[in-house]
1. Considering each of V314, V277 in turn, give the residue that is of a type in the set (V, I, T) and either within 19 Å of the chain's Cα centre (by Cα) or in the same structural domain as C161 (by TED's automatic domain parsing) (or both).
2. Restricting to the range 165-182, name every residue that is under 22 Å from S103 (Cα atoms) and in a loop (DSSP other than H, G, I, E, B).
3. Look at the range 234-260 and say how many of its residues are at pLDDT 95 or above and in a loop (DSSP other than H, G, I, E, B).
4. Of everything in the range 55-71, what is free of Cβ contacts under 8 Å to residues at least 60 places away in the same chain and either on the phi < 0 side of the Ramachandran plot or of a type in the set (F, W, Y) (or both)? Give them in sequence order.
5. For A367, indicate whether it is modelled with pLDDT of 95 or more, farther than 30 Å from A219 by Cα and surrounded by fewer than 21 Cβ atoms within 10 Å (Cβ to Cβ).
6. Can you pull out the residues in the range 111-148 that are at pLDDT 95 or above and aromatic (F, W, Y)?
7. Name the residue, out of L279, L300, L251, that is surrounded by 17 or more Cβ atoms within 10 Å (Cβ to Cβ), of a type in the set (A, V, I, L, M) and in contact with a Leu (Cβ under 7 Å, 6 or more places away or on another chain).
8. If I go through the range 122-142 residue by residue, how many of them are surrounded by 24 or more Cβ atoms within 10 Å (Cβ to Cβ) and touching a Ser or Thr at 6+ places or on another chain (Cβ under 6 Å)?
Amino acid sequence: MEWEAAQIARHAERELEALVAVSSPSGDRRGAEEAVSLCSALLPNEAVIERIPCSTANYAADFAARVDGTGKRRILLLGHLDTVVSHDGHRPLERTAGRLVGSGSIDMKGGVVIAIGVLRALALQPELFAEATLLLVNDEEWRTGGLAHAERFAGMDACLCFEAGQLTPDGEEGVVVKRKAAGTVRVRAHGRQAHSGSAPHRGRNALLALATASQIVAAAHDPHGAERLTAVPTIINAGEAFNVVPGSGELFCDLRANELEAFQRVLGSIPQSHDGVRLEPELVRQWPGMNSRERTGPLLSDAGERLGRPIVGVERGGASDASHMAAHVPLTVDGLGPRGGAAHHPDEYVLEESLEPRAQVALAIVASLLDR
């Protein structure tokens, strides 16, 4: 295991640099195809590549690479190639004080290169498994619906997702076994335009109505309550000119909670109208939560013994495709990527020192899975 992890880490930095050099904002077909081509070149020769339709219409096809073995277990390695960073904001990889800084580095191209390294390691020992498939999607960051491939891989013995890893407060290796449900509320406002100087009384201000709606949503925010609900207004757009009462607009809010049902109560609290402005609230995204803590407990305990240090299941608030897969593959573990920070931020980074230990964690879990 130590040798394989060292090999993965030795290649990972250069492979990450190459993958981060590709600007692949979610929905950009050209960037997605370039990222897919690069990943194809990094695969073991034994891998059989398949392009499968993306869950989101008009996106580049997703990417699956399968290696067949002669053993019994079937494992899915899961990740995504799209980022939230536009072409204009793209930042190639830079090395700064032990940090590998660049767009999409921690979310989640760093995890992708470790997953590819794990697949290469498995290809060298086909007697240990029946099938190992790497699935990389191109729409994780902006997808509003479900993961179309979840049922296809329902027969897998385990799903390992390579979103960013972490340490526990005690400094132990953490992997993600629980995630909140995630939702996005969109509120459309329909008011009436009017000259803001000579006849403001004739207008129906969509901006003010949306501001009221945003305050109602924010008032539901209760991260320490029973549902652990977070409700955060994130985008508001209204108005076309500085001297016109805004006649229309829209508001977006991000919701996270233990269960999806909490989102309906937030949606129901938004009025259908405010001060003459008609409001249309709707949930445009609903992602399920994930809780595989009980199912993964024995696996992580055994993997920690193999590793020689504990591997601890932790909870994370952010959404992931692991949540979709967990409904079909109960033995799902997330957070197997490298450690880092500032995801979705210009200073997003991977900690260089984490590449080898996180590869060790992933390989220890794989070894435990294959021995079950």
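1. Only one candidate passes the filter, namely V314.
2. Within the range 165-182, just G165 meets the criteria.
3. 6
4. A57
5. Values: modelled with pLDDT of 95 or more: yes; farther than 30 Å from A219 by Cα: yes; surrounded by fewer than 21 Cβ atoms within 10 Å (Cβ to Cβ): yes.
In short, yes.
6. Result: F129, single match.
7. L251
8. Number satisfying all stated conditions: 1.
The values are calculated or read from the model by the stated rules, or taken from the named source; none is laboratory data. Here the structure is a predicted model, which is why all the values come from computation and not from measurement. Neighbour counts are summed over all protein chains in view; Cβ atoms, including those assigned to glycine, are modelled from backbone coordinates with ideal geometry.
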